[in-house]
């Protein structure tokens, strides 16, 4: 019994010391950490014990130290391999653990996308364009590819231990307007992004204005086509037509090319023409194109006559109005004088008596004298009769002027005839 008890007590002391290695986690994932622990079996851990960790025959860390654990902060695919550890004390030799195989797990790339800088897919000619390829998930070294066009012309290939990578076009030209996409691969096969269209915006060049007439020398009545076109420029382009800086009309070209404007010519359309192109990136004006229009002789006479008449009317209208006013005023005054009787009758002009067969009869002759002459076609005259008698031996007292006049004297209205001859009526 005593011998059996001694064997039980001495058995643990007689067993050999065993060292083993433990990894946590045993199957690490790329990008994560892993901790290695070196343990001694069937023996208490002594204060002077030292440990060392190895991978594929290479010492990890700083070699032997008093820490039984070793941590790898970030595991990558190339960290896969064979690991073991060793332990020793000052009074014993080093004891080695069995090796364990560590296989680092890689996460395939996923959700690949392509971004544009500047955003929106619109870039000015001459600016810098950056194509950014992004991966939402994936571990390890990732190889990025950039492609142009639907057929996949490879532009660049880069390998990065990153979820993003950039490809840069320093100076964009018109030929860079195309569809683009990228791909990413970390060993499980490439994953593609969607297509992104790049639009290169080009400012308009100076447009060219062309006048297309039906004949060498345009005449009044011809229809002239004004054609304006900018050789370069991103559509849509708005064109405007000018005659001596006065806008004639405008038209837009939505898919490039030029536009036309038809003009039916009149004499006033002679002069300088130009056009303007604008696509929102700056307006450009064409050179001035002169147009001389021939006016037919008949139209020229009409224009001359019309011009002369307009000039004369411009000069004579004020004068004519003044003259008409004066005539109206004189006529009004004349009519008022005709309505009022004259204050004193004019002296009659004595006429010699005319004798017929016998000295007894006495002839009466009408006498008239103008009283008022009014400008226009009207003349007011005083008409009266004078009676002459035979001379007698008896001297009669002289008659007054009023007694010689016939009371039948009246005013008569006479109309002018040829400015010299006057028609009149006898007052009986």
Review point. Fewest first, what order do 151, 163 take by the number of other Cβ atoms within 10 Å?
Key: 151, 163
**Study point:** Part-to-part distance (alpha-carbon centres) for the stretch 211-247 and the stretch 21-92, which is given in Å
**Key:** 86 Å
Check your understanding: Listing 238, 226 from the residue with the fewest other Cβ atoms within 10 Å to the one with the most, what is the order?
Key -> 238, 226
Point to revise | R0 of 51 Å, Cβ-Cβ distance residue 98-residue 159: FRET efficiency to nearest 0.05 | key: 0.90
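Every number here is computed from the coordinates shown, using simple stated rules; none is lab data. These numbers come from a predicted model, not from an experiment. Ideal geometry is used to build each Cβ from the backbone, glycine not excepted, and the neighbour counts take in all protein chains shown.
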